[in-house]
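Novice: Once you've had a glance at the structure underneath, I'll fire off some questions.
Just so you know, all these numbers are worked out from the coordinates, no wet-lab data involved. All figures in this text were calculated on a predicted structure; none of them were measured in a lab. Here the Cβ is made from the backbone with ideal geometry for all residues, glycine too, and neighbour counts use every protein chain on show.
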Amino acid sequence: MRVVVTGGFGFIGSSFVNYLDSLGHEVLIVDKITYAANVDNVYGANNTILAVEKDICDVTEEDLGDYEYLVNFAAESHVDNSIKDGRPFVRSNVEGTFNLLELARKNSNLKKFVQISTDEVYGDMDDYGKDVLADESFPLIGSSYYSSTKASADLLVQSAGRTYQLPYLITRTCNNYGVNQNKEKFLPTVFNCIKNDIEIPIYGDGGQIREWIWVEDNVEILYNLMLNNEGISNIGTGERWMNKELIQLIADILNKDVKFKFVKDRLGHDRRYGLKTTSNHKFKTIEEYLKEQLCEL
């Protein structure tokens, strides 16, 4: 089968492309190659995968050719950047998704449109009470321009499904980690700071709780959902850490002291994310992953 993967040079997208390639599928990457992308994430393994360097807002039917699946990873995703300027998020996450939907619904060979979403569209779970987890029926609440534009994109996909009978899958995934992740993200930043004795700024009191998944587990589950499911599916592990607990775990693994300072909390910062999921998948834990990485240094 032929799969179009937008944002295929990014962190999660490239892992998905490499997984598809390992299974023998034909892949076309669409990526405008911003700071968050790296062609070596894919081309380091296989230099035969085709790619179109283009913004998803501008891509055309001719660019995509024939395909059975379109998987949209392309997005502006840095929450702090969305607070500083939300306009690029509206363009990429909303207008870009709309353009892809318009192309996909004209494709008579389409088996499924896959929208990669986030657990952040459910908002702060603490607003609902202690230990509440979000299932796929939860309302969408945008706490930042990032999460609100991702929620808007989800609604566009659902409307295309209802109005045009577009077959779709929306996956809402927790925080990913793994190789090739951008150095600005939480785990690489903390790991680098502790390793090099750099002070870590911690938002608020550091008690924010996030759920985590190894990117390779995520893409394997995503692939199976793409082939077998429609509608909305959460992808989570149940492995949840306070930010300050995770910082201490990394320090313990590195056997180093932590230098940190508490800074003013992020505007609109959600306190806790948590997904209600059911899966028989055997997930890798953060501790297992970090110990493996330490052995490779």
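Novice: Roughly speaking, what % of Cα-Cα pairs in the range 125-238 are separated by over 19 Å, rounded to a whole number?
Specialist: 61 percent
Novice: Can you put Tyr128, Tyr122, Tyr168 in order, fewest other beta carbons within 10 Å first?
Specialist: Going from least to most buried by this count: Tyr128, Tyr168, Tyr122.
Novice: How high is the relative contact order of the chain? Use alpha-carbon pairs under 8 Å, at least six apart in sequence, and give a whole percent.
Specialist: Computed value for the chain: 18 percent relative contact order.
Novice: Which of Glu62, Glu120, Glu216 moves most in a GNM of the chain, Cα contacts under 10 Å?
Specialist: Most flexible of the set in this elastic network: Glu62.
Novice: Report the charge-dipole magnitude of the chain in Debye, nearest 20, computed about the Cα centre from +1 at each Lys and Arg Cβ and -1 at each Asp and Glu Cβ.
Specialist: Here the chain has a charge dipole of around 400 debye.
Novice: Taking the Cα centroid of the range 141-170 and of the range 223-276, what is the distance between the two, rounded to the nearest whole Å?
Specialist: Cα centres, the range 141-170 to the range 223-276: 23 Å.
Novice: Using +1 at the C-beta of Lys and Arg and -1 at the C-beta of Asp and Glu, which of Tyr145, Ile56, Ile12 has the Cα lying farthest in the positive direction of the dipole of the chain?
Specialist: Value computed over the given set: Tyr145.
Novice: If you don't mind, there's one more thing I want to ask. Go through Lys185/Lys244; Lys54/Lys264; Lys112/Lys276; Lys183/Lys284; Lys244/Lys291 and tell me which ones have a Cα-Cα distance over 27 Å in this structure.
Specialist: Over 27 Å Cα-Cα: Lys54/Lys264.
Novice: When the chain is treated as a GNM, springs tying every alpha-carbon pair under 10 Å, which of Ile12, Ile213, Ile198 comes out with the largest mean-square fluctuation?
Specialist: For the chain, modelled as a Gaussian network with Cα springs under 10 Å, the answer is Ile198.
Novice: Also: Where the centre of each part is set by its Cα atoms, how far does the range 42-120 sit from the range 122-137, in angstrom?
Specialist: Their Cα centres are 28 Å away from one another.
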